[in-house]
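The values are calculated or read from the model by the stated rules, or taken from the named source; none is laboratory data. For clarity, every value in this text was computed on a predicted model and none was experimentally measured. Counting neighbours? That spans all protein chains shown, and the Cβs are built from the backbone with ideal geometry, glycine included. Keep in mind that these areas ignore ligands, DNA and RNA; they rest on the heavy atoms of the full protein, side chains included. Shrake-Rupley method; radii C 1.70, N 1.55, O 1.52, S 1.80 Å.
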Amino acid sequence: MLKKHFNSLGMNRKILSIAIFMAFLAQAFTGILACASILKCSYSVQTQANELGSLAKDNAKIAMQNQNKDILLQIVGQASDSADLFLTQIENQVENLCNFAKDMYSINCENDEIYLKSPMIGYVINSSENSGDSDEILIYENNNLPENLEKEFKILNNISNTAVSMYESSNEIAEIHIVTETGIVYKGNFENTSEVVDSRAAQWYRKAKESAKSGQKIGVWCAQTSSSEGNKSHIIFSKAFFDQSGRMRGVVAAEFYAEKVCEKIAGISGYDDKYVFVFDNDAGKVISSHDESEEFFKGFDNPSESYCRLISSLKSGEYGIFSVLFGDDEYITACAPIKKVNWSVGIADRQANIDYESDEIRDNLMKEIENSKKKSCSDTSTIIFQFLIIFCSFGIVMYALCESMVKKVFPDIDSIEKDAKKFKKFSAELEMAEKIQKSMLPEAGPPNLKRDDLEIYASSVAAEKVGGDFYDFFFIDENRFALIIADASDKGVPAALYMSAAKNLIKDRLKSTGLLAFSLESVNDSLYEDNDMRMFVTAFVGIFNTKGGKLEFINAGHTPPLFYNQKKGSFDFLGGPHNCALGGIKGKKYSVGEIDVHKNDALILYTDGVTESTNSEKKLFSQEKLKELVNNEDIKHLPIESLIKTIRKEIKNYSGEDGYSDDITLLGFRNLGN
């Protein structure tokens, strides 16, 4: 029965049936081999899982320790950057206040209206030589001022107003000091302290003054401890300010609690169970700590060698990670220098925490391995069973589909042939469109342009078969010669169609009206109508009067031409009024530029495809490189045709094997008449 049915089939169906039968046999053979391989792999996986489990048991702890060390190093690096950023913000605020103080001291005005009327909270230190001991005179109002300090006190009133804003807007700054050489003292947080001292004797004032005297005029950082606040560490940034003549007038300082730095760092680390601290490398002590970090640095009788090595590394500003024995506990400590000041930031974690995490991960890994072994045995049985079902189904389906496959294969071949014919026809039509577009452009030197007073040459290469660039030149009347170069947005067929419409409109309007601005305004409105794709055209249109030697032009969003001046002997970019592209905005007015074109003066027009050509490194050719090229002594005196061909050759060499990424069009013109 089967043999009789097979003999009744046509040749094509016999071949296809044999091919399907051979595929069926190959599938069966492959299936048998696959089953054997699966069984072998299952056994191998179980064996390797046992070996892997033993190896993981020994190495998981080491791997987790190394991973935690890397994480600590990353965290301490971020903490160092965060501290630097925080200190930089403080410096910038003080710098701004110093600049404002300099501006206020530089005002030479007797008009009291420029000074604020509200009283300044502050005091003046009487430091005259005749006063004996430095008596402190408290002044809370702007009256009863010493005559020599009245104006300066008014200036400080203005500066203090800015300082109040800075203090109130900052959560970090604990106090702002403004102290003058004459003894005026202002504190941003004055109301919270009744202490009256001569701040000029403070360490931060003296350091800022020494910096100013050395000529550096930079701010200084210092740390100090306040016994009145429970030995809290304070960090102060101070900087001298000057008047317009360069004379030092005083010092501005911002003071904040050292613990604010640790709060910033703790926010970066995100680990509450780790110790965070800031270490003063010069003083060799902790100036700020977070949570329980202080316990980590409390002294004890017999410090370990690793602990001493950590302190030494902190003093030298090293970046790294250290294992430190502290009492009975071992810590992993990462430290990094704070670039802005000679301090270091450190983060420490107990070794016991790391060991606990590694043991937990190791146990979970062993459980997963055991589960994988059990699942592997189950999956092997399932795969073999599924394969038998698929194998039987495959034979039935392949035989049933034999008839339908024969009917589908040959029509597909016909469809491919039809698509090939359509593509061939489309290619022929595209080549015809390319020829038509080229025929629309005037020849580089048309036969009808038989004049001795003009030299002109043009070249246009499309990135695709057809493009959106175009050029044109023609006589409007006996003495007026039109030059046009334009670039339609987009590339390919849409740009070519839009280019065709723009070219015909410009030529028609110029020839019918002879008015440059009116013509382009009319073209702009016409291109705008029914422009659903929102395309536009950049263009440079000029009208050269051969009799008067004048060139009127409009640059509608186009690249600036290069103009050669015979007297100067060089090419320069032609300026003039800036106008928007054609077809972009309806009702726009266009401004006309004008320039004298003397004998042997020349003009090179080009589209952005020239200057935006890229090399293998994706670098643009650029307008400056084009200008440099045409100003070469061996090139700028060439005839227009040779000059344009030289530019095109240079662009081609620059683009290399990648070819042109955009349409490239060049138009050269030289006046040979008087």
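A single entry from Ala556, Ala502 fulfils the requirement of being in a strand (DSSP E or B), under 21 Å from Leu605 (Cβ atoms) and in contact with a helix residue (DSSP H, G or I) (Cβ under 7 Å, 6 or more places away or on another chain): Ala556.
Tallying residues that are surrounded by fewer than 18 Cβ atoms within 10 Å (Cβ to Cβ) and either in a strand (DSSP E or B) or hydrophobic (A, V, I, L, M, F, W, C) (or both) within segment 464-475 yields 2. For segment 646-674, residues that are open to solvent by less than 10 Å² (accessible area, probe 1.4 Å), farther than 21 Å from Val541 by Cβ and small (Gly, Ala, Ser) total 1.
If I go through segment 566-584 residue by residue, how many of them are outside any strand (DSSP E or B) and more than 22 Å from Asp469 (Cβ to Cβ)?
Let us first name the residues in segment 566-584 that are outside any strand (DSSP E or B), namely 566-569, 574-578, 580-581, 583-584.
Next, from what is left, pick out any that are more than 22 Å from Asp469 (Cβ to Cβ): 566-569, 575, 577.
Counting residues in segment 566-584 that are outside any strand (DSSP E or B) and more than 22 Å from Asp469 (Cβ to Cβ) gives 6.
Within segment 529-548, the set of residues being of a type outside the set (Lys, Arg) and part of a loop (DSSP other than H, G, I, E, B) comprises Glu529, Asp530, Asn531, Asp532, Met533, Met535, Phe536, Thr546, Gly548.
Would you check if there is a residue in segment 586-607 being in a helix (DSSP H, G or I), at negative phi and not acidic (Asp, Glu)?
Of all residues in segment 586-607, those in a helix (DSSP H, G or I) come to none.
No: zero hits.
Table: residues versus (1) more than 34 Å from the chain's Cα centre (by Cα); (2) open to solvent by 50 Å² or more (accessible area, probe 1.4 Å); (3) charged (D, E, K, R); (4) at pLDDT 85 or above.
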| position | (1), (2), (3), (4) |
| --- | --- |
| Glu210 | yes, yes, yes, yes |
| Ser228 | yes, yes, no, no |
| Gln244 | yes, yes, no, no |
| Tyr257 | yes, yes, no, no |
| Ile268 | no, yes, no, no |
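I'm trying to understand the selection: among the residues of segment 487-499, which are open to solvent by 20 Å² or more (accessible area, probe 1.4 Å) and either modelled with pLDDT of 85 or more or over 15 Å from Ser460 (Cα atoms) (or both)? Once the filter is applied, which keeps residues that are open to solvent by 20 Å² or more (accessible area, probe 1.4 Å) and either modelled with pLDDT of 85 or more or over 15 Å from Ser460 (Cα atoms) (or both), segment 487-499 yields Ser489, Asp490, Val493, Pro494, Leu497, Tyr498. Could you please find all residues in segment 625-653 being farther than 26 Å from Phe470 by Cβ and acidic (Asp, Glu)? Those that are farther than 26 Å from Phe470 by Cβ and acidic (Asp, Glu): Glu628, Glu633, Asp634.
If you go through segment 644-666 and pick out every residue that is among the aliphatic types (A, V, I, L, M) and either on the phi > 0 side of the Ramachandran plot or in contact (Cβ under 8 Å) with a residue 60 or more places away in the chain (or both), you end up with 3.
Exactly one residue out of Thr513, Thr538 is modelled with pLDDT of 90 or more, among the β-branched types (Val, Ile, Thr) and open to solvent by 30 Å² or more (accessible area, probe 1.4 Å): that is Thr513. Do we have Asn59 as modelled with pLDDT under 70, in a helix (DSSP H, G or I), among the polar types (S, T, N, Q) and surrounded by 10 or more Cβ atoms within 10 Å (Cβ to Cβ) here? The answer is no for Asn59. Residues in segment 290-316 that are of a type outside the set (D, E, K, R), buried (at least 17 other Cβ atoms within 10 Å of the Cβ) and modelled with pLDDT of 65 or more: 4 in all. Checking each residue in segment 158-202 for being modelled with pLDDT of 70 or more, in a loop (DSSP other than H, G, I, E, B) and more than 17 Å from Ala240 (Cα to Cα) picks out Ser170, Asn171, Glu172, Val197. Sub-7 Å Cβ pairs linking a first residue in segment 322-342 that is closer than 30 Å to Ile218 by Cα to a second residue that is in a strand (DSSP E or B) and open to solvent by less than 10 Å² (accessible area, probe 1.4 Å), at least 6 apart or interchain, are Cys335/Ser344; Cys335/Val345; Cys335/Gly346; Ala336/Ser344; Ala336/Val345; Pro337/Ser344; Ile338/Ser344; Ile338/Val345, ordered by first then second residue.
Counting only residues that are of a type outside the set (Gly, Ala, Ser) and closer than 18 Å to Gly557 by Cβ, how many does segment 604-624 have? If you could, list the steps in order and put the result at the bottom.
Narrowing segment 604-624 to residues of a type outside the set (Gly, Ala, Ser): 604-608, 610-612, 614-615, 617-621, 623-624.
Restricting the remaining residues to those that are closer than 18 Å to Gly557 by Cβ gives 605-608, 610-612, 623.
Residues that pass the stated criteria total 8.
Of the residues making up segment 333-378, those that are of a type in the set (Asp, Glu), at pLDDT 70 or above and part of a helix (DSSP H, G or I) are Glu368, Glu370.
One line per residue, one yes/no per condition, for (1) under 16 Å from Pro560 (Cβ atoms); (2) in contact with a helix residue (DSSP H, G or I) (Cβ under 9 Å, 6 or more places away or on another chain):
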{"residue": "Lys599", "(1), (2)": "no, no"}
{"residue": "Asp608", "(1), (2)": "yes, no"}
{"residue": "Asn615", "(1), (2)": "no, yes"}
{"residue": "Lys625", "(1), (2)": "yes, yes"}
{"residue": "Ser642", "(1), (2)": "no, no"}
{"residue": "Gly656", "(1), (2)": "no, no"}
{"residue": "Thr665", "(1), (2)": "yes, yes"}
{"residue": "Gly668", "(1), (2)": "yes, yes"}
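Report whether or not Ser233 is under 30 Å from Ala101 (Cβ atoms), out of contact with any Pro (no Cβ under 8 Å at 6 or more places or on another chain) and either crowded, with 20+ Cβ neighbours inside 10 Å or at pLDDT 75 or above (or both). For Ser233, the condition - under 30 Å from Ala101 (Cβ atoms), out of contact with any Pro (no Cβ under 8 Å at 6 or more places or on another chain) and either crowded, with 20+ Cβ neighbours inside 10 Å or at pLDDT 75 or above (or both) - is met.
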